[in-house]
Amino acid sequence: MVIVVTGGSRGIGRGLVREFLARGHQVVTCGSATAPEDGLGVVADVTDRAQVRELWDTAVAEYGRVDVWINNAGVTQRRVPLWELTEQETRAVVDVNLNGVINGCAVALAGMAGQGHGHVWNMEGLGSDGRAVPGLSVYGSTKRALTYLTKALAKEVPDGVSVGLLSPGMVVTDLLVRDLNPKSRKVFDILADRVETVTPWLAEQALARIGNGAHVRWLTNRKVMARFATAPFTRRKVLP
């Protein structure tokens, strides 16, 4: 398969890229600093639709098509109330997490409609399920909107083209641990996982469960309950 991953230079994105490459797929990615071993790297700002279109064009020029497109690029905010964030900070989160995904969907779905096939995955995050967390109002709002966007697109896509949601759960990345409240450390150690733990499974599911409206979840409610139930007897430590 030919797979495009936005935000593939670090965290979950980079983990997915390496898993896809290890399985023999062709991967094109954009990010701040893509390493040579991470597939074909393209400099592209997801908030600029013209640059996202160039990412698509590069993949098609190199490999002839795009089978799977993953909108993974995302940024977070400082964990403070909304009124303490600058306009620039809030705009950056909304532009990347929401407008960036809209741009990716618009470009990829148009291209896939033209080629007659393809699947787009959008990456969920905290707030996608409607849960509200103090200090993450802007970030959570963008992820909640992304979930609605994907469900709406599932009703719009043409035959042969599909969209779905990837939910990686709590993963130890720079984005997640930024300004982590020490009071949340206990819950974090119970529920969070490392990139190298989650991405092999997520990559397999992203290729196996392609279908319109598909929803892939790593951290299911059953898994959450099981981890809390066994927490007194199991020592999990995901951060040093």
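Can you tell me the order of 7-20, 39-52 when each peptide is scored by its average per-residue count of other Cβ atoms within 10 angstrom, highest first?
Ranking the peptides 7-20, 39-52 by packing returns 7-20, 39-52.
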Worksheet item: What distance in nm separates the simple spin-label points at residue 129 and residue 201, each placed 7 Å from Cα in the Cβ direction?
Response: 1.4 nm
Item to complete: Enter the accessible area of residue 55 (Å², nearest 10), with the probe set to 1.4 Å and all protein chains included.
Response: 0 Å²
Worksheet item: Tell me, what is the percent relative contact order of the range 3-99, built from C-alpha pairs under 8 Å that lie six or more residues apart?
Response: 28 percent
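The values are calculated or read from the model by the stated rules, or taken from the named source; none is laboratory data. These numbers were taken from a predicted model, which means no experiment stands behind them. No Cβ is skipped: glycine too gets one built from the backbone with ideal geometry, and neighbour counts run over all protein chains shown. Note: areas computed on protein heavy atoms with side chains; ligands, DNA, RNA excluded. Shrake-Rupley method; radii C 1.70, N 1.55, O 1.52, S 1.80 Å.
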